[in-house]
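Engineer: Below you will find the structure I want to go over with you.
Rule-based calculations on the coordinates, nothing more; no lab input. Keep in mind it's a predicted model, so treat the numbers as computed, not measured. When we count neighbours, we look across all protein chains shown, and the Cβ atoms used for this are built from the backbone with ideal geometry, even at glycine.
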C-alpha cells in the first residue's frame, strides 16, 4: 500500500535521509526505531508532505504522492498523529475531533457526529472532557485526542510520530492497546518510536534507522530475539535497558 | 469643561467602533498568516470612497452604491492577496518582504484614488431610517447610531462564524497551528486569501458606515491603519472582545486629546500611546487569542 | 578571488563619473543628482539596518527631519556655524535614536515597522505644527549655505560635490563595516537573532549600534538637505520620502553594498524623467518597488551578482 523508494531529504547541507526504502502493506503495523536525529521524523515529514523531497518516490496505493501538497494527503487516506501531539489548544475536544473530519465535510453532520461518538467510546476519558479546551488535557489525554482526531478522517494509513513521548509507561501502554485493537480491525499503522522494546513487541515488522539510513529491517520478533542487543548497540537512545 | 465630557465620550465611542473593526481585521490577518496588514486602513478608505463615487458620480442609489462599494473593496482585498501576497508566500519570502509589499500596496491604492477622483474629501448622505437618540444632555445622531449598530452586528456575525461554522473553525485552526491545519486537510492558502477578504470586508463596512459622519479622502488610510493597530495591540491580536475595548480606549483617548490639547495633535497622541504600549507590553494588554508560534513550514 | 581588480576599477569608475557628471548635465540635472546623493546617504545606512541586521524601519524620514531641523534652528535662530550645527544635529539625532532604539528593537519585525512608522508620523506632525520652534507649515527659511572653516559651499554645484563626496566615503566605509567583526555580527543578527546570541554576539548592543548608525546617516543627509535648499520644512520629510527610500533599497538590492547607490541613481533618473507626470511619482515608485519585490527580489545589483556567480565560476563548497 505504501511504497517508499530511495528517498533522499536534505535540509541545506545536512542529509537527513539517504536512500531510504520502506513499505507498509495493507493492514500492517510497522515500526521505525532509532536514536534522535536518525531521520525517523524526517521520514514522517516526507510522508505527510511537510518536508521537501530531494529525490526518490513515495507511492500510496499505486499513486505517486511524493510532491502532493500537505492538505491533500489526508484525502488520500494518510493521517498523521504529530510529534508532541499538537492538539488545537484553544479549541474543545469535540471541535478538535470535528476538524479531524474536515476533509469529509461534504458528508452529513449526522455521520460525522456518529464518528465522534465512536472516538469517545474508544477513549472514554475524552467523553468526560468533551467540552473542555484541548489545552487543559493531560499529556496522555492529548495523545488520545490526537489519535482520535486523526482517526476522524477514516484513514487507511495512520502515521504516528513518537507517541510515547512524555507519557508515563502505563498511560502509553493503554494507548498502545487501543492502537492494537484498531490494527486488528484493519488499520495500517506506521509508528516511529524511540522506545525500541515496546515497538518491537507491538509491530509485526520494523526498520532500524541510524543517521538517515536503514541499518536493519525485518520481522519484529526476529529483531527482538536475535538482534535486540545489536539494535541497542546501534544507537544510544534506549535509556532504560542498558545495564 | 466637565460638561463636555459626555459628548467627548460618545464621540470617542463612535470613533472607537471603527478602530475596533479595523483591529479585528488586522488581528484576523495576523493570526492566520503572521502578516501585519498595512493596507487595512486603505480598505476603510476604499469602502467610503468607492461608495461615494458610485453614489455621486455614477448616480447609483445609496443602497446599491453601498453594496457596490463594499463588494469592490473586497475584490480589491482578494486581488491584493492573490497578486502580491500569494507569490511571496509560495516562495517562502522573509518577514520584511511582506511588510514592504503591503506598504507598497498602501501607497499605490491611495495614489490611484487620488489620480482618479482628486484630493478633495468625498461623502454621501447619512442612511436615515434610524432616529437620533437622546442620552441625557447628548444627542447621538442617526448615523452615529448606525455605526454602533453595525459594529455590534459585525461582532456577533464574526463570533458566530468562528464559533459555529466549520469554515470559521478551520480558520481558527490555521491561526493556531498552520501545519496541523494542513494535515487536517485545510487548504492554508485559501485561508490566507479568506483572511484578506474578510479584512477588506470589515474595513469597507467600517468605511461605509463612517463616511457620512466625517467624509473621507484619499489619504485617510494611514491613520486608520495605525489607530486600528493600536487598538489591536491594546486588546491583543485576534482577540475580538479585546479589539472592542482597544478601539474604545483609542477612540476616547483621541476624542479627549483633540478637545483638550489640540485638534491637530490628536493623531500624534494616539501614535505616542501606541509607541509607549509596544515598548512596555509588546504583546498587548490582553492575552492574544493565539500565542503566536515562531515555527514556519 | 579574481574580483579584486574589477572592484577597484568599479569604484574608480564611480568616482570618475561622479566628478565628471556636472560637465555633461544641465544645472537642473546636477540638482537632481545632488538630491540623489542625499538619498544614497540615507539608503546606505538603512541598507545596513534592514539588509544586514534584518531590522525594518519605516521611520528614517523622521531622523532626516530631526537632522535638518536641528541644523536649521541652530544656524538660523542661534547663529551657530554650519559645521558645529551639523555635529550637534548628528549627535542629537543619534542620541534620540539611542533612546528610542533600546526599547523598540526588542519588538518583532512587523511590529517594529509599525512602531517606527508611528514614531515618524509623530515627528512629522509635531514638526509641522509646532510653529514656535519649527515654524510650523512655513518651516525655517534662510538657512545659510554650508561652510567649513570659512570655505562656503554657496553654489548648487559645490554642494553636489560635497554631497557625493560624503556619499562615496560612506559607501566605501560600508565595505569596511561589512567585513569587520561588527559586520559579521550584523549578518548573524539578520540571519537568526536567537542563534546569534548563542554565538556570542551581544545582540542588544549590536542592534542599537546599527540603528543609531543608520539614524546618524539619515540625520547627516537631512542637514545637507537643509543647507542645499537653504530651507527646512517638515513636509519634505513625510511618508513619500520613506516610499522613495524603500524603492531605492528594493530596486537597488537590499543587503548588497552597491544596491543603495545604484538604486538612488536609478530612481533619481526616473523622477527626473517624469516631467509632467510628477503627480504620478509616488504611484510609480510604489509600483516599481512592489514589482521589484515580486520579480526582482534581489534588486538590480543582486540579480547581476547572481548572474555573474552562475556564469561559469566554480562553485565554492
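Engineer: Which whole-angstrom value gives the distance between the alpha carbon centres of the stretch C:126-159 and the stretch C:238-317?
Structural biologist: Using only Cα atoms, the two centres lie 30 Å from each other.
Engineer: Does the protein assembly as shown classify as rounded, prolate or oblate by the C-alpha gyration tensor (a ≥ b ≥ c root eigenvalues; a/c under 1.5 gives rounded; else a/b over b/c gives prolate, otherwise oblate)?
Structural biologist: Values: a/c = 2.39, a/b = 1.44, b/c = 1.66.
Verdict is oblate for the protein assembly as shown.
Engineer: Take B:261, C:44 and order them by how many other Cβ atoms sit within 10 Å, fewest up front. Before the final figure, lay out each step's value.
Structural biologist: Working: B:261 12, C:44 25.
So the ranking, lowest neighbour count to highest, is B:261, C:44.
Engineer: Can you tell me the relative contact order of the stretch A:79-199? Whole percent, Cα pairs under 8 Å, sequence separation 6 or more.
Structural biologist: Contact order relative to length: 36 percent.
Engineer: Only Cα pairs under 8 Å and at least 6 apart count here; give the relative contact order of the stretch C:241-291 as a rounded whole percent. Display every interim value, and only then the final one.
Structural biologist: Values: 44 pairs, mean separation 20.7, N = 51.
Across the stretch C:241-291, relative contact order equals 41 percent.
Engineer: Order these peptides, A:117-127, A:143-153, by their mean beta-carbon neighbour count within 10 angstrom, highest first. Each step should come with its number before you reach the end.
Structural biologist: Working: A:117-127: 16.0, A:143-153: 25.3.
Highest mean packing first, the order is A:143-153, A:117-127.
Engineer: Would you mind giving the average projected area, over all directions, of the Cα convex hull of the stretch C:238-317 in nm² with one decimal? Mind dumping the intermediate values first?
Structural biologist: Values: hull surface 24.6 nm².
That works out to 6.1 nm², a quarter of the Cα hull's surface.
Engineer: Based on the Cβ-Cβ distance from residue B:4 to residue C:95, what FRET efficiency comes out when R0 is 41 Å, to the nearest 0.05?
Structural biologist: Details: r = 39 Å, r/R0 = 0.96.
Taking R0 as 41 Å, the efficiency between residue B:4 and residue C:95 is 0.55.
Engineer: After finding the eigenvalues of the alpha carbon gyration tensor for chain B, what semi-axes result from the square roots of 5 times each, listed largest first in whole Å?
Structural biologist: Details: eigenvalues 179, 102, 69 Å².
Equivalent-ellipsoid dimensions as semi-axes: 30, 23, 19 Å.
Engineer: Mind giving me the nanometre distance, one decimal, between the label points for residue A:168 and residue A:113, set 7 Å out from Cα along Cα→Cβ?
Structural biologist: Here the answer is 3.6 nm between the modelled labels.
Engineer: Report, for chain A, the % of DSSP beta bridges that are antiparallel, rounded to 5. Let's see the in-between values first.
Structural biologist: Working: 21 of 40 bridges.
Taking every DSSP beta bridge with both residues in chain A, the antiparallel ones total about 50 percent.
Engineer: On to the next question. Label residue C:155 and residue C:87 with points 7 Å out from Cα along Cα→Cβ: what is the distance between them in nm?
Structural biologist: Computed distance between label sites residue C:155 and residue C:87 equals 3.0 nm.
Engineer: Let me ask something else. Where does each of B:98, C:280 land when they are ranked from fewest to most other beta-carbon atoms within 10 angstrom? Let's see the in-between values first.
Structural biologist: Values: B:98 24, C:280 16.
Result, fewest neighbours first: C:280, B:98.
Engineer: Going by how many other beta carbons lie within 10 Å of each one, how would you line up C:155, B:97, fewest first? Mind dumping the intermediate values first?
Structural biologist: Numbers: C:155 12, B:97 20.
Listing C:155, B:97 from fewest to most nearby Cβ atoms yields C:155, B:97.
Engineer: What nm distance separates the two modelled labels at residue B:61 and residue A:215, each placed 7 Å from Cα along Cα→Cβ?
Structural biologist: Taking the two extended label points, one gets 8.1 nm.
Engineer: For the stretch C:84-135, what does the alpha-carbon gyration tensor say about shape, rounded, prolate or oblate, given a ≥ b ≥ c as the root eigenvalues, a/c under 1.5 as rounded, and a/b over b/c as prolate? Write out the running numbers ahead of the final one.
Structural biologist: Values: a/c = 3.54, a/b = 1.39, b/c = 2.56.
The shape class here is oblate.
Engineer: Another question, then. Mind checking B:89-96 for the average number of partner chain beta-carbons within 10 Å of each residue's beta-carbon?
Structural biologist: Per residue, the number of nearby Cβ atoms from other chains is 4 on average.
Engineer: Taking only C-alpha pairs under 8 Å that are 6+ residues apart, what is the relative contact order of chain A in percent? Display every interim value, and only then the final one.
Structural biologist: Values: 457 pairs, mean separation 68.6, N = 243.
The value is 28 percent.
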